[in-house]
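Worksheet for the structure shown next.
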Amino acid sequence: MRAFAGRCGHFIFCSTVCTYGNTQTIVPTLETTPQSPHSTYGRDKLACEQLFLRAHAEVKIPVTIIRPSHTYGPGGGIINNLNTDASFLERLRRAGRLS
């Protein structure tokens, strides 16, 4: 927080849907879904979220938290919590539509 408070116009933290725990049975996962992470990764991300939300409440830094359920990038395959089929990526690339 010392590094960003007062020096950052708006901080965007990329968290994870893993902060909710097992979300396969709760689709779509909403912000109101209780957070109960099962993994160390999810627990650590939730701890970070709580730190940033406290700083936001104390008006130290504006914060937005996003929790993607799919990640994809160079050097690794897709991490998709609902399916191992990556075909939806191609649908997203086509004019930004899912259908």
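The values are calculated or read from the model by the stated rules, or taken from the named source; none is laboratory data. Just so it is clear, the model here is predicted, and its values are computed rather than measured. Positions of Cβ are backbone-derived with ideal geometry, glycine not excepted, and every protein chain shown enters the neighbour counts. In case anyone asks, the SASA skips ligands and DNA or RNA and just uses the protein heavy atoms, side chains included. Shrake-Rupley method; radii C 1.70, N 1.55, O 1.52, S 1.80 Å.
Observations, loosely collected:
- First in the range 42-63 and over 16 Å from ALA3 (Cα atoms), second anywhere and in a helix (DSSP H, G or I), Cβ under 7 Å, 6 or more apart: GLY42/CYS18; GLY42/THR19; LYS45/CYS18; LYS45/THR19; LEU46/THR19; GLU49/THR19
- When the range 4-52 is limited to residues that are among the small types (Gly, Ala, Ser) and open to solvent by less than 50 Å² (accessible area, probe 1.4 Å), the one that is farthest from VAL63 (Cα to Cα) turns out to be SER39.
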